[in-house]
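Student: Got a structure here, written out as structure tokens. Questions coming.
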Amino acid sequence: MQVFFSHKCLEYKQDGHPESPARVKSIYKHIKDKFDFSEPEPCTDKDLVLCHEKGLINRIRHRDFSGADTPNLPQMFGFAKLSAGSAIEAAQHAVNGENAFSLSRPPGHHAGKDFLGGFCYFNSIAVAVKKILEKVDKVAIIDIDGHHGNGTQDIMIGNKDVVFVSLHQKNAFPVSGFVSERNCFNYPLVPGTNGREYVKVFDSALENVEKFSPDIIAVSAGFDAYKKDPLLELALDIATYFEIADMISHLGVPVFSVLEGGYSEEIGKCVHEFLKGLG
């Protein structure tokens, strides 16, 4: 397991905002002595255009946007490009046959072709997937974040080379992902869904991935379905993340994962169990 991480992603914050440097610091503390680490480089504008309209890219570049949940902070364009670059390097590592994890921020799965939101500016995992589709034929994206990856679906819907699978809390932000559409398979979960119930649904969801027979699996690795997360009402245990990852691992395909959400004080433990489960 190769982990891509830069301390630069800890250099910004907005007071009181749940998407804070403390999340990544906690994860780093739990895994820094257990895996190999590499410093990523920012992605290029050419990479971003694979998924995003130039208008969105320029709005973020010139700080011409607003949103309470997606703060307009200095140098955010550079931080978001670094996060996408980290995801690309993890993806390229998976193309070479080794699992990898992008430990970075800001997250990305709520950013669509021409919109940002939900703490997300550029869709790191989507950019990484589009990038490696220059080298492989098919990629499956599995989104385990407790919120629906509406931005990823917006970018990938109808793409015959991609299958997108999302398990998320029903009626939570961004209030989407109620039904499956084309190559996007959505599994909305009622509040209170526990680990045993989640794994049962997840097993069914993975059938879509297995039938697709991807060359690479990309995981939007959010950890806000954990029972102590302050932003959602799902009820997974820490050990559930090992089980989820183990199920993915048994598909026998190289995996790269990209950090999305997760806001509890125990996110480091959740991520560690997930990475152990991938093997």
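Student: If you restrict to DSSP beta bridges whose two residues both lie in region 2-278, what percentage is antiparallel, to the nearest 5?
Tutor: Working: 2 of 34 bridges.
Roughly 5 percent of the DSSP beta bridges within region 2-278 come out antiparallel.
Student: Based on the Cα atoms of region 104-261, what semi-axes does the equivalent ellipsoid have, where each is the square root of 5 times one gyration tensor eigenvalue, given in whole Å with the largest first? Kindly include the intermediate steps, with their values, before the conclusion.
Tutor: Values: eigenvalues 93, 67, 39 Å².
After diagonalising the Cα gyration tensor, the semi-axes are 22, 18, 14 Å.
Student: Let me ask something else about it. Once phi is turned into ³J(HN,Hα) by the Karplus curve 6.51 cos²θ - 1.76 cosθ + 1.60 with θ = phi - 60°, what whole-Hz value does each residue of region 20-36 show in order, with x for glycine and proline?
Tutor: 10, x, 4, 4, 6, 4, 4, 5, 4, 4, 7, 10, 4, 9, 10, 9, 7
Student: Another question, if that's okay. Determine ³J(HN,Hα), in whole Hz, for all residues of region 131-142 in sequence, where each value follows from phi through the Karplus function 6.51 cos²θ - 1.76 cosθ + 1.60 and θ = phi - 60°; x replaces Gly and Pro.
Tutor: 5, 7, 5, 6, 10, 10, 8, 9, 10, 9, 9, 10
Student: Once the convex hull of the C-alpha atoms of the chain is built, how many Å³ does it hold per residue, rounded to a whole number?
Tutor: On the way: hull volume 29.7 nm³, N = 279.
So the per-residue hull volume is 106 Å³.
Student: Where does the chain land at 222 nm, in deg cm²/dmol rounded to the nearest 500, when only DSSP H runs of n ≥ 4 count, each adding -39500 (n - 2.57), divided by all residues? Write down the numbers at each step before the final one.
Tutor: Working: 9 runs with 101 residues, N = 279.
Helices in the chain give a 222 nm mean residue ellipticity of -11000 deg cm²/dmol.
Student: Given H placed 1.01 Å from N in the peptide plane, which residues other than close sequence neighbours of H168 have an amide H under 5 Å from its amide H?
Tutor: For H168, whose amide H was placed from the backbone, the distant partners under 5 Å are Y187, L189.
Student: Scan around E181 for amide H atoms under 5 Å from its own, H built in the peptide plane at 1.01 Å from N, and keep only partners 5 or more places away or cross-chain.
Tutor: N186
Student: For region 272-279, in order, what is each residue's ³J(HN,Hα) by Karplus, 6.51 cos²θ - 1.76 cosθ + 1.60 with θ = phi - 60°, in whole Hz (x at glycine and Pro)?
Tutor: Each residue's phi maps through the Karplus curve to give 4, 5, 4, 5, 4, x, 6, x Hz.
Any read-out appearing in this document is the output of simple, stated calculations on the displayed coordinates, not a laboratory observation. Everything quoted here is computed from the prediction, not taken from an experiment.
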